[in-house]
Amino acid sequence: MTIPSENQKYSYADYLTWDEGERLELIDGEIFNMSPAPSRRHQQVLRELSTAFSVFLRERECEVFFAPFDVRLLADNKQDDDINNVVQPDLSIVCDKEKLDDKGCKGAPDMIIEVLSPSSVKLDRWKKYQLYEKAGVNEYWLVDPVNHSVEIHLLNDAQYKFQGVFIKDDTVSVNLFPDFALDLNQIFV
């Protein structure tokens, strides 16, 4: 199937019928096309983040997943026809195994990291920010591979609280894991 019309609302059931070669996301039933493919720098930063989290989580209950990995948000007790928020965050960290199934994650991951691309800045900073906040994602990072920065938001009383912007020479604590900190010099290689 070709990319569906952008002038219509869709559900996760519709999403499952689309061509697997297309990277699409749904936010409130609206389609967002994820192409073009991410840049080399984006992929390098994503690789380093994924490696750091994977190594840290190896002996723990939580798991890290990287795109493409479907995350169905605001999906509790809903059938596929009633789910209208499906995203593919660059990195998702899930600690509740009950949320994981063969299709991906049904419910809010504990942490989401989006690596910004020129084509995704508005989507990641606004639409997804609002969606992740509403869905209850506890920790949201926006990583800028061009400016070597990480912007962190933590959920507090159902609203994100800005924690700051950290740059390449900083070491960043991961709120979800108090004994884990990332040296950003190792992320922005």
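Name the single residue, out of those in region 93-141 being small (G, A, S) and over 11 Å from the mean Cα position of the chain (by Cα), that is nearest to D28 (Cα to Cα). Can you show your working first?
Step one: of region 93-141, the residues small (G, A, S) are 104, 107-108, 117, 119-120, 135-136.
Among the residues that remain, those that are also over 11 Å from the mean Cα position of the chain (by Cα) are: 104, 107, 117, 119-120, 135-136.
Values: G104: 19, G107: 15, S117: 22, S119: 20, S120: 17, A135: 12, G136: 16 Å.
Once the filter is applied, the top-ranked residue is A135.
So which of V143, V64 is buried (at least 19 other Cβ atoms within 10 Å of the Cβ) and more than 27 Å from T17 (Cα to Cα)?
Values: V64 fails: more than 27 Å from T17 (Cα to Cα).
Going through V143, V64 in turn, just one is buried (at least 19 other Cβ atoms within 10 Å of the Cβ) and more than 27 Å from T17 (Cα to Cα): V143.
Keeping to region 113-127, report how many residues are aliphatic (A, V, I, L, M) and either in a helix (DSSP H, G or I) or surrounded by fewer than 18 Cβ atoms within 10 Å (Cβ to Cβ) (or both). Working first, answer last.
Going through region 113-127, the residues aliphatic (A, V, I, L, M) turn out to be 113, 115-116, 121, 123.
From the residues that got through so far, the ones that are either in a helix (DSSP H, G or I) or surrounded by fewer than 18 Cβ atoms within 10 Å (Cβ to Cβ) (or both) too are 121, 123.
Of the residues in region 113-127, 2 are aliphatic (A, V, I, L, M) and either in a helix (DSSP H, G or I) or surrounded by fewer than 18 Cβ atoms within 10 Å (Cβ to Cβ) (or both).
Give the residue that is surrounded by the fewest Cβ atoms within 10 Å (Cβ to Cβ), with candidates limited to residues of region 67-112 that are of a type in the set (S, T, N, Q) and in a loop (DSSP other than H, G, I, E, B). Give the derivation first.
Kept after step one, since they are of a type in the set (S, T, N, Q), are these residues of region 67-112: 77, 79, 84-85, 88, 92.
Right, trim to in a loop (DSSP other than H, G, I, E, B) and you get 77, 79, 84-85, 88.
Working: N77: 5, Q79: 10, N84: 22, N85: 22, Q88: 18.
Once the filter is applied, the top-ranked residue is N77.
Identify, please: which residue in region 128-137 is out of contact with any strand residue (DSSP E or B) (no Cβ under 6 Å at 6 or more places or on another chain) and touching a residue at least 24 places away in the same chain (Cβ under 8 Å) and is, among those, surrounded by the most Cβ atoms within 10 Å (Cβ to Cβ)? Step through it out loud before you land on a result.
Quick first cut of region 128-137, residues out of contact with any strand residue (DSSP E or B) (no Cβ under 6 Å at 6 or more places or on another chain) only: 128-130, 134-136.
Now restrict to residues that are touching a residue at least 24 places away in the same chain (Cβ under 8 Å): 128-129, 134-136.
Numbers: K128: 25, Y129: 17, K134: 15, A135: 21, G136: 14.
Top of the filtered list is K128.
Take the conditions in contact with a Leu (Cβ under 9 Å, 6 or more places away or on another chain), modelled with pLDDT under 75 and not β-branched (V, I, T) and apply them to P38. Does it pass?
Values: in contact with a Leu (Cβ under 9 Å, 6 or more places away or on another chain): yes; modelled with pLDDT under 75: no; not β-branched (V, I, T): yes.
The answer is no for P38.
Taking the residues in region 31-83 that are free of Cβ contacts under 8 Å to residues at least 40 places away in the same chain and aromatic (F, W, Y) as candidates, determine which candidate is nearest to P118 (Cα to Cα).
The selected residue is F66.
If a residue counts only when it is aliphatic (A, V, I, L, M), which strands (runs of 3 or more DSSP E) contained entirely in region 128-188 have at least 3 such residues?
149-156
The values are calculated or read from the model by the stated rules, or taken from the named source; none is laboratory data. From a predicted model like this one, the values you see are computed outputs, not experimental measurements. Using ideal geometry, Cβ is built from the backbone for each residue, glycine included, and neighbour counts are taken over all protein chains shown.
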